Amino acid sequence: MPLLRALPGALTAAVALTAGFLLPLPAQAAAPAEPAVSYTNPLANQRADGQIHKHTDGYYYFTATAPEYDRIILRRATTIQGLSTAPETVIWTKHATGEMGAHIWAPEIHFIDGKWYVYFAAGRADDIWKIRMYALESSAANPLTGGWTEKGRIATPMDSFALDATTFTVGGTRYLSWAQKDPAIEANSNVYIAEMANPTTISGTPARLTVPTYSWETAGHKVNEGPAFIQRGNKVFLSYSASATDSNYCLGLLSASASADLLDPASWTKSPVPVFQSNAATGQYGPGHNFFTKSEDGRSDILVYHDRGYKDISGEPLDDPNRRTRVQKLYWNADGTPNFGIPVADGATPRRLASHNYPDRYIRHWEFRARLEADVANLADSQFRTVKGLSGSGTVSLESANFPGHYLRDSNGELRVERNDGSAAFRDSVSFHQRAGLADSAGVSYESYSRPGRFVRHFDFQLYVQPVGTTSARADATFHQR
């Protein structure tokens, strides 16, 4: 570590002046471009394949698969959390006979050229596994109260098992992506993409982007399905779900340049490892079939997905009704790729704490020692849930996201992540008064409950609980929640 980056605050300046030349000091943090968000999970019980559309009318629209597989539902609210308790409206019910008579799956709502469209999958009443893609259309301002017209099947060149249609635009071109079985390939489904002639019709020849080949894509069933699109700068990404819909279910990721030919499979790079998967520590199993939306202020990307709160399932997973919709913030690596982290524990979602005077560095634990570090690839090491202080008295405690039950603790002046041992001494040592940031009131500072006047601060990129009597020390003790 270079000397000047190793020294905190005023010491850095002193060394620079002593050396007789001017060195750039760390930029002071402005208001975070992507500030912290807070949600409580699960968002909706017994709702799989959840999708949340943020519309220009100030509402979020939510749809999902009902476990009875017999209807399409919508909710709307002005906040994402509000969708949890928003009234639910049935906008369409399966047919009694023939097409669209069974397995009503994975609806998505989109607003295109002044109209609402819902894409969904359905089987026949007399052949429930003859699943194809269909669409509904509405011209109403409020899709919960307006009428819907059936637009029929979304046809593809192969007349085979097809589902999970989603749509997006890149460079002014609208695309449809979906999952479909190719009878010539030994797999349940692959992911495809095609341009669209209109909101319910594809044009040209579809391109097959991914076939399940990795072991994590073929556990239980050989599945690639549920594509979901997100763009950041000149990079585009398609996440997709893989394997059986039990605890093996997980997310893979395809990436491409936005300026590339997205209909050329060679334009896409496939991650060799899953980007989001079951986590026993947080009690989340089979996370998948995701979607992306935006936070209320429009500045953060939000990951929407479903999972179960238990691993073992009795019988066929598709007959288990307890997949539930969940949300958490999506973060971004320094190279512009998404970092999904882990499916966080139920309850309030965790946050990251960025240094005020080294804004690219976050509090993280490394071998249970707390330190500052940039570009933390194992995202959950730098996520902490703010909970009611274990000592009470108006305090807070910071619980590790990937080690639930472990907290940031003042251990003889060093900050460590340690497991709650139930003692009064432990409760006091992990409790802090959350104050307005000492160097910036938009940030936060944490004053020790058991040792008033001492604050969490960094020194030489390690975290301590110390007095903060200087300007540089107060900057070292200020953090921004992200």
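The values are calculated or read from the model by the stated rules, or taken from the named source; none is laboratory data. Here the structure is a predicted model, which is why all the values come from computation and not from measurement. When we count neighbours, we look across all protein chains shown, and the Cβ atoms used for this are built from the backbone with ideal geometry, even at glycine. Calculation scope for accessible area: heavy atoms of the full protein, side chains included, ligands and nucleic acids excluded. Shrake-Rupley method; radii C 1.70, N 1.55, O 1.52, S 1.80 Å.
Counting only strands (runs of 3 or more DSSP E) that fall entirely inside segment 90-206 and contain at least 3 residues that are more than 21 Å from Trp268 (Cβ to Cβ) and modelled with pLDDT of 95 or more, the qualifying elements are 102-112, 115-124, 127-138, 149-153.
Whenever a residue of segment 202-224 is closer than 22 Å to Asp312 by Cα and aromatic (Phe, Trp, Tyr), its partners that are assigned to a loop (DSSP other than H, G, I, E, B) and at pLDDT 95 or above, lying with C-beta atoms within less than 7 angstrom and at least six residues away or across chains, give the pairs Trp216/Ser243; Trp216/Pro274. Being under 32 Å from the mean Cα position of the chain (by Cα), within 30 Å of Gly283 (Cα to Cα) and open to solvent by 60 Å² or more (accessible area, probe 1.4 Å) holds for only one residue in Phe384, Phe403, Phe432, and it is Phe403.
If I ask for residues that are part of a loop (DSSP other than H, G, I, E, B) and either in contact with a Ser or Thr (Cβ under 9 Å, 6 or more places away or on another chain) or over 17 Å from Val304 (Cβ atoms) (or both), which ones from segment 56-77 would you list? Listed by number, the residues that qualify are Thr56, Asp57, Gly58, Tyr59, Pro67, Glu68, Tyr69, Asp70. Of the residues Leu209, Leu238, the single one that is of a type in the set (A, V, I, L, M), within 19 Å of the chain's Cα centre (by Cα) and at pLDDT 95 or above is Leu238. Quick check, is Ala281 closer than 20 Å to Gly336 by Cβ and over 14 Å from the mean Cα position of the chain (by Cα)? No: the conditions fail for Ala281. Asp261 fulfils the conditions (1) outside any strand (DSSP E or B); (2) more than 16 Å from the chain's Cα centre (by Cα); (3) surrounded by fewer than 20 Cβ atoms within 10 Å (Cβ to Cβ); (4) in contact (Cβ under 8 Å) with a residue 24 or more places away in the chain except for a single criterion, (4).
Residues in segment 94-107 that are open to solvent by less than 10 Å² (accessible area, probe 1.4 Å) and either under 16 Å from Lys151 (Cα atoms) or of a type outside the set (Gly, Ala, Ser) (or both): Gly101, Ile104, Pro107. The single condition among (1) over 20 Å from Phe168 (Cβ atoms); (2) open to solvent by less than 60 Å² (accessible area, probe 1.4 Å); (3) in contact with a helix residue (DSSP H, G or I) (Cβ under 9 Å, 6 or more places away or on another chain); (4) in contact (Cβ under 8 Å) with a residue 60 or more places away in the chain that Ile52 does not satisfy is (1).
Scanning segment 357-375 for residues being in contact with a Phe, Trp or Tyr (Cβ under 6 Å, 6 or more places away or on another chain) and either aliphatic (A, V, I, L, M) or open to solvent by less than 10 Å² (accessible area, probe 1.4 Å) (or both) gives a total of 1.
Looking at segment 292-300, is at least one residue within 21 Å of Val191 (Cα to Cα), touching a residue at least 12 places away in the same chain (Cβ under 8 Å) and surrounded by 22 or more Cβ atoms within 10 Å (Cβ to Cβ)? No, because not a single residue in segment 292-300 is within 21 Å of Val191 (Cα to Cα), touching a residue at least 12 places away in the same chain (Cβ under 8 Å) and surrounded by 22 or more Cβ atoms within 10 Å (Cβ to Cβ). Considering only residues in segment 391-400 that are open to solvent by less than 20 Å² (accessible area, probe 1.4 Å) and small (Gly, Ala, Ser), the one that is nearest to Phe432 (Cα to Cα) turns out to be Ser397.
Say whether the condition of being within 19 Å of Lys388 (Cα to Cα) and open to solvent by 20 Å² or more (accessible area, probe 1.4 Å) is met by at least one residue in segment 461-481. The answer is yes, given that some residue of segment 461-481 is within 19 Å of Lys388 (Cα to Cα) and open to solvent by 20 Å² or more (accessible area, probe 1.4 Å). With respect to the conditions (1) open to solvent by 10 Å² or more (accessible area, probe 1.4 Å); (2) not in a loop (DSSP other than H, G, I, E, B), Val236 lacks only one, and its number is (1). Would you confirm whether or not segment 304-319 contains a residue that is among the small types (Gly, Ala, Ser) and open to solvent by less than 20 Å² (accessible area, probe 1.4 Å)? No - not one qualifying residue is present in segment 304-319. Here Gly252 fulfils each of the conditions (1) farther than 25 Å from Trp105 by Cβ; (2) open to solvent by less than 10 Å² (accessible area, probe 1.4 Å) apart from (1). Taken residue by residue, segment 266-281 has at least one member that is open to solvent by 40 Å² or more (accessible area, probe 1.4 Å), part of a loop (DSSP other than H, G, I, E, B) and over 18 Å from Gln328 (Cα atoms).
Would you check if there is a residue in segment 379-392 being on the phi > 0 side of the Ramachandran plot and touching a residue at least 40 places away in the same chain (Cβ under 8 Å)? No, that holds for no residue. Answer with yes or no whether Tyr310 is hydroxyl-bearing (Ser, Thr, Tyr) and assigned to a loop (DSSP other than H, G, I, E, B). So Tyr310 passes the test.
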